[in-house]
Structure formats: structure tokens, C-alpha cells
1. Just a yes or no: is a residue in the stretch 25-39 in contact (Cβ under 8 Å) with a residue 40 or more places away in the chain and either open to solvent by 60 Å² or more (accessible area, probe 1.4 Å) or out of contact with any Asp or Glu (no Cβ under 8 Å at 6 or more places or on another chain) (or both)?
2. Please work out if residue 67 is in a loop (DSSP other than H, G, I, E, B) and of a type outside the set (A, V, I, L, M).
3. Taking residue 14 as the residue in question, decide whether it is more than 15 Å from residue 58 (Cβ to Cβ), in a helix (DSSP H, G or I), at pLDDT 95 or above and polar (S, T, N, Q).
4. What number of residues within the stretch 43-64 are open to solvent by 40 Å² or more (accessible area, probe 1.4 Å), of a type in the set (A, V, I, L, M, F, W, C) and in a helix (DSSP H, G or I)?
5. Mind checking which pairs have a first residue in the stretch 1-24 that is open to solvent by less than 40 Å² (accessible area, probe 1.4 Å) and a second that is among the hydroxyl-bearing types (Ser, Thr, Tyr), Cβ under 6 Å, 6 or more apart or different chains?
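The values are calculated or read from the model by the stated rules, or taken from the named source; none is laboratory data. Because the structure is a prediction, the values reported are computed rather than measured. Neighbour counts are summed over all protein chains in view; Cβ atoms, including those assigned to glycine, are modelled from backbone coordinates with ideal geometry. With ligands, DNA and RNA removed, areas are computed over all heavy atoms of the protein, side chains included. Shrake-Rupley method; radii C 1.70, N 1.55, O 1.52, S 1.80 Å.
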Amino acid sequence: CHSLDQKGVGPSFSAIAGRYKDRTDAVNYLSGKSRAGGQGVWGAIPMPAQTLSVGEAGQVAAWLARGAP
């Protein structure tokens, strides 16, 4: 659904990183969104909840908050 730098079904990881780069709570926010899923933030296509542990979701969220290098 996501790729590093091109939109697919969902936004690219680079676009996500860019949108949340200035949020001080980016890691917590993105971690929670990954685990809970959602709809409407990036368009009408919903992102299903992911079965990541809290730690795994935190690692992905921290990578995104660093700019998805």
C-alpha cells in the first residue's frame, strides 16, 4: 500500500514523513494510527488496523519521524 517515494494505494513514506516532521508527538501519533488504522486523513481509502506490537509500531513511527531515510 505504501512505497518509499511514490504514492500507491496509500501515501508514500516520504510524504508521511514530510507531513508530520514538525509534530512533537509524531512518534506517538503515527504509532497509534498504524495500530488503529483510520480513514480520511489521506483520502477516502481506509487503512486497516495493523497487527504490530507497540514496540514494532514505535520503531516504524520513529523511522518516519526521522524523515524515513
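1. no
2. Values: in a loop (DSSP other than H, G, I, E, B): yes; of a type outside the set (A, V, I, L, M): yes.
Judged against the criteria, residue 67 is a match.
3. In short, yes.
4. The total comes to 3.
5. Close Cβ pairs satisfying both conditions: 12/3.
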